[in-house]
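A short worksheet on the structure shown next.
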Amino acid sequence: MPENSTSTVPSALPAEKVTNTIATGFSHPLDPLSPQEIEEVSLAIRLHAVEHQFGIQAFKFVTSNIIAPPKRDVLAFLGIPITPGGQVEPSESKLLRRAESDFIDPVTG
């Protein structure tokens, strides 16, 4: 993990003792997830499992990928008009990045 990162999420630490942070370091909305964002995705999944008491004791994360935002939002964020010669639509200053993850419970399968 980079030394300047504010999030420390060692896998041995119980999920309820870790605080969440929000990653903001992407330059393009379709960039792959950063290592910090992958940590945040896994943390969110572990916290959800603890909160809802699913009985999962361990996680093995297989993949974590970005879910592409709607094309209209990406174009507005980048300042590109939707139609040639058209007006650029107003965009929010921040574009929500969402992710999906595949994981298994290595204890029970």
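Would you grab the residues whose amide H sits under 5 Å from the one on Ala99? Only those 5+ places off in sequence or on another chain, please, with H modelled 1.01 Å from N.
Under 5 Å from the amide H of Ala99 lie the amide H atoms of Ile67, each far enough along the sequence or on another chain.
Given a Förster distance of 22 angstrom, what is the FRET efficiency for Gln57 paired with Arg98, based on the Cβ-Cβ distance and rounded to 0.05?
Numbers: r = 27 Å, r/R0 = 1.22.
Once the sixth-power term is evaluated, E becomes 0.25.
Less than 12 Å Cβ to Cβ from Pro90, Lys/Arg counted +1 and Asp/Glu -1: what total charge do the surrounding residues give? Don't skip to the answer; put the middle values down first.
On the way: positive: Arg72; negative: Asp73, Glu89, Glu92.
Combined, the nearby Lys, Arg, Asp and Glu give -2.
Can you give the local net charge around Leu33? Use residues other than it whose beta-carbon is closer than 12 angstrom to its beta-carbon, Lys and Arg +1, Asp and Glu -1. Mind showing how you got there, number by number?
Numbers: positive: Arg97, Arg98; negative: Asp31, Glu37, Glu39, Glu40, Glu100.
Charge balance in the 12 Å sphere: -3.
Values quoted throughout were computed directly from the atomic coordinates according to the rules given, and no laboratory measurement underlies them. Everything numeric here is computed off the predicted structure, so don't read it as measured data. Please note: Cβ atoms are built from the backbone with ideal geometry, for glycine as well, and neighbour counts cover all protein chains shown.
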